[in-house]
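What follows is a short report on a single structure.
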């Protein structure tokens, strides 16, 4: 059953990835990728498409993100896309909600089907974190999310709590709250990129960086990274 499930998940992931790439590239004219006017046309099209039925598009994004994350997909592109499509506020909310649910789904799958495998592969490497999280699983997992998962790849971040058997309600809400700072920053950058394309007549990397909607979230990103570094040193240092 486990092998069958692995095969199913692998095939499902490939199919979803193929469909996603097909949909993207079916609307992309590769010969015009160096034409800034083309990006303005795409921006207008996407704005009109989302504006026609916001709730339907939010539902589609939610479902796609949920499945994508539950099949070990990476999160950063989703955050930029949600910012571009829905703006920084709605984009932040829908990405936090969908990725939190997707992460919980992946955790549940790993806990149910692959618990022994996860312990065999990861337990020795992350033994110090097991003792930490068992002290107060919600607070430590919240800190773990706030620090960006200590640099661990996102899919592995979502599976790692299998080692200390965190309660699902703690997993979800610690993820939801812990995602807020970074997800807001990435969505703000996506929204700023959308505004830059909308208002500019030609592309300039320098002008893009000097746009308030771009450089402010980048500065905030650096601040959050600095705070995350101190949290990591304080809570997850080797002496713990």
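The values are calculated or read from the model by the stated rules, or taken from the named source; none is laboratory data. Since this is a predicted model, take the numbers as computed values, not measurements. For neighbour counting, all protein chains shown are included, and Cβ atoms are generated from backbone atoms with ideal geometry for every residue, glycine included.
Under 21 Å from residue 78 (Cβ atoms) and either without any contact (Cβ under 8 Å) to a residue 12 or more places away in the chain or over 15 Å from the mean Cα position of the chain (by Cα) (or both): does that describe residue 190? It is false that residue 190 is under 21 Å from residue 78 (Cβ atoms) and either without any contact (Cβ under 8 Å) to a residue 12 or more places away in the chain or over 15 Å from the mean Cα position of the chain (by Cα) (or both). At pLDDT 85 or above and at negative phi: does that describe residue 104? It is true that residue 104 is at pLDDT 85 or above and at negative phi. If I filter segment 157-175 for residues that are surrounded by fewer than 17 Cβ atoms within 10 Å (Cβ to Cβ), without any contact (Cβ under 8 Å) to a residue 24 or more places away in the chain and at negative phi, do I get at least one hit? Yes: one or more hits.
Restricting 78, 132, 97 to those that are without any contact (Cβ under 8 Å) to a residue 24 or more places away in the chain, buried (at least 16 other Cβ atoms within 10 Å of the Cβ) and assigned to a helix (DSSP H, G or I) reduces the list to 78.
Looking across segment 34-75, the residues that are assigned to a helix (DSSP H, G or I) and under 15 Å from the mean Cα position of the chain (by Cα) come down to 61, 62, 63, 64, 65, 66, 67, 68, 69, 70. Applying the criterion of being more than 20 Å from the chain's Cα centre (by Cα), loosely packed, with under 12 Cβ neighbours inside 10 Å and in a helix (DSSP H, G or I) to the residues of segment 202-225, the residue that is modelled with the lowest pLDDT is 205.
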